[in-house]
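Below: the structure, in structure tokens.
The values are calculated or read from the model by the stated rules, or taken from the named source; none is laboratory data. These numbers come from a predicted model, not from an experiment. Don't worry about glycine lacking a Cβ; one is built from the backbone with ideal geometry, like all the others, and counts go over all protein chains shown.
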Amino acid sequence: MTPLITVKNLEVRAGRKSLLSIPHFDIQSGEVLGIMGPNGAGKSTFIKALSLLEKPTQGAIFFKGEDISNDLTLEMRRKFAVAMQQPLLLDTTVFQNVAIGLKLRNLPRTEVRQKVAYWLNKFQISHLAKKQAVHLSGGEAQRVNLARAMVLEPEVLFLDEPFSALDFPTKVQLLKDIKSIIEQTKTTTVFVSHDLMELKYLAGTLAILMDGELKQTGPTEEVLSSPNASASTFINDWKSLLN
């Protein structure tokens, strides 16, 4: 079976500095991939390259077997949605924030209203539809951010530490909700996090990224319980922080 996404000889450089160097990597359809590594490892760079937000210095990215490395068209980019740590909401209502992507696609008003209402309900924020985004709590804002991504029905959802700024009870509930939504929609998801709890709960596959290179990839529990020589110091240091 052809992987949904394949990376070959992917390089991202800033001047002479290598930010990312990945000879080969596959992401399967429906997979929830967690990416973990120290600060500066290249995690956000990897997400930006995969989602076509940043053009690689060299190498190729294949989507369903087709090279999309130079396909920066709106049609291709719209197959992906990205939710970052900071929601970056527009200074308008919750409804309008979630609707913006659909409006840019010129969908009929009735369809926009139906889709937005559906996703507001899925993220349990229907009661906030008319509230101004600037007055939302951190957890509410992130729910709006995720609803804005999912309303576009992306083939791949990229999450770059969307829960890191949330308090623990808020984080736990949102993790439960997004996991349920991902499972129901079977949305392929790439999830960057520093939090072992988040990764163990959400990600079926875990990749350890260090110095711009993938050091180990496999089932999440397997990687965490049996890290290889390259990943062991990083993982064991993280585990010791939790004890």
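Could you go through the stretch 189-196 and let me know if any residue there is at pLDDT below 95 and at positive phi. No - not one qualifying residue is present in the stretch 189-196. Among residues of the stretch 159-176 that are of a type in the set (Ser, Thr, Tyr), those with a Cβ under 8 angstrom from a residue that is part of a helix (DSSP H, G or I) and buried (at least 17 other Cβ atoms within 10 Å of the Cβ), sequence gap 6+ or separate chain, pair up as Thr170/Gly139.
What residue, of Leu128, Leu102, Leu107, Leu152, is in contact with an Asp or Glu (Cβ under 9 Å, 6 or more places away or on another chain) and modelled with pLDDT under 95?
On the way: Leu128 fails: modelled with pLDDT under 95; Leu107 fails: in contact with an Asp or Glu (Cβ under 9 Å, 6 or more places away or on another chain); Leu152 fails: in contact with an Asp or Glu (Cβ under 9 Å, 6 or more places away or on another chain).
Answer to the check: Leu102.
From Glu155, Glu161, grab the single residue that is at negative phi and of a type in the set (D, E, K, R).
Criteria check complete, one pass: Glu155.
When Phe123 is tested against the conditions (1) hydrophobic (A, V, I, L, M, F, W, C); (2) modelled with pLDDT under 95; (3) under 19 Å from the mean Cα position of the chain (by Cα), the lone failure is (2).
The residue that is farthest from Ser18 (Cα to Cα), among those in the stretch 216-242 that are touching a residue at least 40 places away in the same chain (Cβ under 8 Å) and in contact with a Ser or Thr (Cβ under 8 Å, 6 or more places away or on another chain), is Thr220.
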